[in-house]
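The values are calculated or read from the model by the stated rules, or taken from the named source; none is laboratory data. Keep in mind that this is a model prediction, so the values were computed, not measured. Heads up, the Cβs are rebuilt from the backbone with ideal geometry, glycines too, and the neighbour counts pull from every protein chain shown. Heads up: the accessible areas ignore ligands, DNA and RNA and are worked out on the full protein's heavy atoms, side chains in. Shrake-Rupley method; radii C 1.70, N 1.55, O 1.52, S 1.80 Å.
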Amino acid sequence: MNKIVLITGATSGIGEACAKKFAAAGDHLIITGRRSERLQQLKKVLEITFSVKILTLVLDVQDRKAVEEKLGSLPLEWQHIDILINNAGLAVGRDSFEDADINDWETMLNTNVHGLLYVSKAIVPLMIAQKKGHIINMGSVAGKEVYERGNVYCASKFAVDAINKAMRIDLLKHNIKVTGIHPGAVETEFASVRFKGDEKKAAATYDGLVPLTAADIADTIFYCAQLPKHVCINDLVITCTQQAGTYYFHKTQ
Ligand code: NDP
Ligand code: 8X3
């Protein structure tokens, strides 16, 4: 049966790769992000290629009112959400604590933590009503171990890790699966966003490394989502072969 999958942050990277993966399997998608043109383009391609239905929602997850309004007024046929992929997120800046910009900290906390909570709070009642659902939260290895100059990005992903665990406990009685995915370095627009458009610094992140791709993570998420009803992967940490934890890389030049 075709599922309905809501993916936040589907305009690039991991979210976009998830959209392609789930659409290829015949699932119908609600795709969100702030960049409207990219959403429209993706919708067009996926509908033509895979004959699935796509609903686009231009949404800044930091905006609580907008999230409540848009997700609280989904057309009836889109309310039976089987899978929520809480993927929208970002790092801004890579500075030592004393040098970091408080605005960057607020953006990360508002997006990665508050945004994930606002979206989840809007969707959980729909899953409770249908007595099933699967929430997949995008954490990071940064939410497992703190690294130098990672400060508040790490804090935001530690919060995601805690929310993921807490959701699983509280939603157990509603037959809702909750899975945390915690990748290491994945080559997406992430580094470019983190270094505020400095492409040289962004590219250096992956120097000497065969990093994970967005498709690797989409494949992993898809696997977690296809397991039998009685199986739930709680927590999954995934890195490329040249990475161990947050700080150890074996780079080749
Ligand atoms: P990208 O920058 O390629 O994608 C980020 C996505 O999040 C975009 O679609 C962006 O859409 C969306 N987004 C960002 N801010 C907002 C917002 N305020 N409201 C709505 N959507 C937003 O990076 P990735 O694909 O790599 O990142 C996806 C997730 O994976 C993030 O949570 C990130 O922390 C996590 N992650 C990434 C890793 C990596 O190395 N790349 C490793 C571990 C975790 P738009 O700009 O259109 O709003
Ligand atoms: C992104 C991976 O190691 O840059 O979450 O924090 S890392």
Value of relative contact order over the range 4-238, rounded to a whole percent, pairs C-alpha under 8 Å and six or more apart: 21
C-alpha long axis of helix 36-50 to longest principal axis of the chain, angle in °: 60
Under Karplus coefficients 6.51, -1.76 and 1.60, residue-wise ³J(HN,Hα) of the range 140-146 in Hz, glycine/proline x: 5, 4, 5, x, 10, 9, 7
CD proxy at 222 nm, helix term only [per DSSP H run n ≥ 4: -39500 (n - 2.57); per residue of the chain; nearest 500]: -12500 deg cm²/dmol
Entries of Lys20/Lys43; Lys43/Lys131; Lys157/Lys196; Lys3/Lys177; Lys44/Lys65 with Cα pairs more than 18 Å apart: Lys43/Lys131; Lys157/Lys196; Lys44/Lys65
Hz values of 3J(HN,Hα) by residue in the range 16-25 - Karplus curve (6.51, -1.76, 1.60), Gly and Pro given as x: 5, 5, 5, 4, 5, 5, 6, 5, 4, 8
Principal-axis tilt of helix 214-226 within the chain, Cα atoms, nearest 10 degrees: 40
Note, ³J(HN,Hα) from phi for the range 191-198, Karplus 6.51, -1.76, 1.60, rounded to Hz, x at Gly and Pro: 5, 4, 5, 4, 9, 6, x, 7
5 angstrom amide H check on Ile30, placed H, neighbours 5+ away: Val5, Leu6, Ile7, Leu55
Cα-projected label distance for Ala129 with Tyr248, points at 7 Å along beta-carbon direction, nm: 4.9
Alpha carbon convex hull of the chain, volume per residue in cubic angstrom: 125
Centroid-to-centroid separation of the range 170-222 and the range 44-102 [C-alpha atoms, Å]: 16
The range 128-253 - percent of accessible surface contributed by carbon and sulfur, probe 1.4 Å: 60
Beta bridges by DSSP in the chain, antiparallel share as percent, to the nearest 5: 5
Per residue value of the accessible surface for the chain (all protein chains in place, 1.4 Å probe), Å²: 49
Cβ charges +1 (Lys, Arg) and -1 (Asp, Glu), total dipole of the chain, debye: 840
